[in-house]
1. For residues that are within 13 Å of the ligand (Cβ to nearest atom) and among the charged types (D, E, K, R), tally how many sit in segment 63-87.
2. Restricting to strands (runs of 3 or more DSSP E) lying wholly in segment 44-114: which have 1 or more residues that are in contact (Cβ under 8 Å) with a residue 24 or more places away in the chain and polar (S, T, N, Q)?
3. Residue under question is Ile161, and the condition is that it be surrounded by 20 or more Cβ atoms within 10 Å (Cβ to Cβ) and farther than 26 Å from Pro145 by Cβ; does it hold?
4. Would it be correct to say that Ile212 is surrounded by 15 or more Cβ atoms within 10 Å (Cβ to Cβ), farther than 23 Å from Glu99 by Cβ and touching a Leu at 6+ places or on another chain (Cβ under 9 Å)?
5. Do we find a residue being assigned to a loop (DSSP other than H, G, I, E, B), within 15 Å of the ligand (Cβ to nearest atom), polar (S, T, N, Q) and surrounded by fewer than 21 Cβ atoms within 10 Å (Cβ to Cβ) anywhere in segment 137-157?
6. Provide a single number: the residues in segment 96-121 that are away from the ligand (no atom under 15 Å from the Cβ) and surrounded by 15 or more Cβ atoms within 10 Å (Cβ to Cβ).
7. If I go through segment 28-43 residue by residue, how many of them are assigned to a loop (DSSP other than H, G, I, E, B) and at pLDDT below 95?
8. Give segment 158-184 a look and list any residue that's within 18 Å of Thr26 (Cβ to Cβ), of a type outside the set (A, V, I, L, M, F, W, C) and either modelled with pLDDT under 95 or in a strand (DSSP E or B) (or both), or say none.
Amino acid sequence: MGSNPAGPAKVIINISMNIFGNEIDTGFKPHLQLIEDMTPVCNTTPTTKHFIIKPADRDKQVVDFIEKTLGFYVFHSELFYTPTNATRTIHIDGDVGTEPYDKIYKINWIYGGADSEMIWYETDKGYKPTKNLTSVGTYALAFDPSRCKSIYSMKIKNCAIIEAGRPHTVINYNEPRWAISYVISSRPWTPEQDTLLSPSWDEIIKSFSKYISL
Ligand SMILES: [Fe+2]
């Protein structure tokens with residue numbers, strides 16, 4: 001038999017991304033000190049908690065990754081705490097109105113929360129969620145679980161790019177769970193332009209597919 005004139009077959013790895021969430025490997029774990037500092041504060045009461053990470057307190061590695069490596073901008077940064085055996089309200093982060101909801105892409109680094117699940121839902125047609133002011137002065141849309149049907153779930157072990165513009169929640173089990181969460185925008189935040197401009201799905205695939213954990 002002669003040799004193949006085309007040479008050895010090329011192995012093509014086709015990484016397809018899920019529209020809800022994808023585990024990624026950024027190679028670093030940000031805000032460890034913040035988690036350590038907040039642990040005694042949060043563990044005193046078994047309630048879900050939410051904190052803003054101010055621009056001046058953002059982790060430089062995260063900002064550089066989003067802005068220099070990926071070519072996007074940080075729109076918002078926050079920390080979510082979920083105690084053991086707790087389920088968060090089904091919600092959308094923000095007040096993006098009615099269906100079809102605007103996309104909100106976030107990178108979430110998870111600490112603790114072993115086996116916790118992030119779940120996404122679709123709602124009854126025409127269902128209107130309730131707009132709530134959060135404890136940190138932002139808005140969230142809250143959904144009645146009886147009007148929602150789960151459509152996807154994932155267990156985030158370390159870090160994930162997630163879509164928070166669809167109704168979603170977290171169910172947590174045996175240990176407290178912390179999520180460091182950075183919202184990604186296509187333009188820098190300015191006082192004049194203070195609304196999120198989300199990257200397109202194609203831009204997300206282009207930027208993130210090489211970081212997907214297989
Ligand atoms: Fe959320």
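1. 1
2. 73-82, 105-112
3. When the stated conditions are applied, Ile161 does not pass them.
4. When the stated conditions are applied, Ile212 does not pass them.
5. There is at least one residue in segment 137-157 that is assigned to a loop (DSSP other than H, G, I, E, B), within 15 Å of the ligand (Cβ to nearest atom), polar (S, T, N, Q) and surrounded by fewer than 21 Cβ atoms within 10 Å (Cβ to Cβ).
6. The number of residues fulfilling the criteria is 2.
7. Residues of segment 28-43 that are assigned to a loop (DSSP other than H, G, I, E, B), as a first pass: 28-31.
From what is left, the residues that are at pLDDT below 95 are none.
Within segment 28-43, residues that are assigned to a loop (DSSP other than H, G, I, E, B) and at pLDDT below 95 number 0.
8. Glu163, Ser181, Tyr182
The values are calculated or read from the model by the stated rules, or taken from the named source; none is laboratory data. Source: prediction; values computed, not measured. Ideal geometry is used to build each Cβ from the backbone, glycine not excepted, and the neighbour counts take in all protein chains shown.
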